[in-house]
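Peer 1: Encoded as structure tokens, here's the structure I'll be asking about.
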Amino acid sequence: MLKKESEKVNIKALVPIYIREILDEDIKHFRMAKYTLCNQILIKFSRCSDNNFSKITPFEKKEYLQFAVQKENITRYSELRELNKDKTESEMIREIFASYTTMPPFLREINLFEEKIVFLMTAKKEYKKLKLHTDDGFIEGKIEDIRRNEENNYLEVIINSKSYYISRLTIIS
């Protein structure tokens, strides 16, 4: 239970191993801290939790998922707990993270990086020249295509005939 809105909140929930495996894969691909990814999932996927997930995965081994709620998310987390009074914290967390992990990678990305994707789609439509930071350094150019990588299902953008993962781009201008 939360004592104050500003207190640190630590989450510890027993989740199926496949959830941890998918989170680890996304953390590596997005090059994002677990703390950051888990907080984004907590907030962005809280409205679409999967209530039936525990019924369909009773055979799956479980391990603990632990992370701290970011200070700016504590109020939202408190509201979420209030809305889910009928569930334990672990049940709520399992359902939220199950809703995230049951989606294919490109749909998870669309939810996590919605603002960036909308910006890139608008820039493509308007033929804007962008300056971006990528794994290879800084690039400048117009977006030729935005697509799903058929090998790993993550989203990529094509600029100057070269592909870059959307999750790894930083928009400069």
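We did not get these values from a lab; they are worked out from the coordinates using the rules stated. Everything numeric in this text was worked out from a predicted model, so none of it was measured. When we count neighbours, we look across all protein chains shown, and the Cβ atoms used for this are built from the backbone with ideal geometry, even at glycine.
Peer 1: What distance in nm separates the two pseudo spin-label positions at residue 82 and residue 138, each 7 Å out from Cα along the beta-carbon direction?
Peer 2: The modelled label-to-label distance comes out at 4.7 nm.
Peer 1: So what J values fall out for segment 112-129 if you push phi through Karplus, 6.51 cos²θ - 1.76 cosθ + 1.60 with θ = phi - 60°, rounded to Hz, Gly and Pro as x?
Peer 2: Per residue, the Karplus-derived 3J(HN,Hα) values read 6, 10, 3, 4, 5, 5, 4, 4, 5, 5, 5, 4, 5, 4, 8, 6, 6, 8 Hz.
Peer 1: OK, next. How would you classify segment 113-170 from its alpha-carbon gyration tensor, with a ≥ b ≥ c the square roots of the eigenvalues: rounded for a/c under 1.5, else prolate if a/b is greater than b/c, otherwise oblate?
Peer 2: It comes out rounded by the Cα gyration axes.
Peer 1: Further, regarding this structure: What residues qualify as long-range amide H neighbours of residue 68, i.e. H under 5 Å apart, gap of 5 or more or another chain, H built at 1.01 Å from N?
Peer 2: Those lying under 5 Å, H to H, from residue 68 are 11.
Peer 1: With 20 Å as the limit, write out which pairs from 28/131; 116/142; 28/87; 8/34; 44/128 have Cα-Cα distances beyond it, or answer none.
Peer 2: 28/131; 28/87; 44/128
Peer 1: In whole percent, what relative contact order does the chain give with Cα contacts below 8 Å and a gap of six or more residues?
Peer 2: 22
Peer 1: Taking the beta-carbon count within 10 Å as an exposure proxy, list 115, 89 from fewest neighbours to most.
Peer 2: Neighbour counts put them in this order, fewest first: 115, 89.
Peer 1: Then there is this: If neighbour count is taken as other Cβ atoms inside 10 Å, put 46, 163, 90 in order from fewest to most.
Peer 2: Ascending number of Cβ neighbours within 10 Å: 163, 90, 46.
Peer 1: Still on this model: So if each residue of separation counts as 0.36 nm, and I subtract the Cα-Cα distance between residue 170 and residue 102, what length gain in nm does that give?
Peer 2: 21.8 nm
Peer 1: Applying the Karplus parametrisation 6.51 cos²θ - 1.76 cosθ + 1.60 with θ = phi - 60° to the phi angles of segment 79-90, what ³J(HN,Hα) value in whole Hz is obtained for each residue in order, glycine and proline being reported as x?
Peer 2: Taking θ as phi minus 60°, the curve returns 5, 4, 4, 5, 5, 10, 4, 6, 10, 6, 4, 4 Hz for segment 79-90.
Peer 1: What Kirkwood hydrodynamic radius do you get for the chain when you take the inverse of the mean 1/r over all pairs of distinct Cα atoms, in Å?
Peer 2: The answer is 17.6 Å.
Peer 1: Further, regarding this structure: When the helices in the chain are scored as -39500 (n - 2.57) per DSSP H run of 4 or longer and the sum is shared across all residues, what 222 nm value do you end up with, to the nearest 500 deg cm²/dmol?
Peer 2: My calculation for the chain gives -12500 deg cm²/dmol from helical runs alone.
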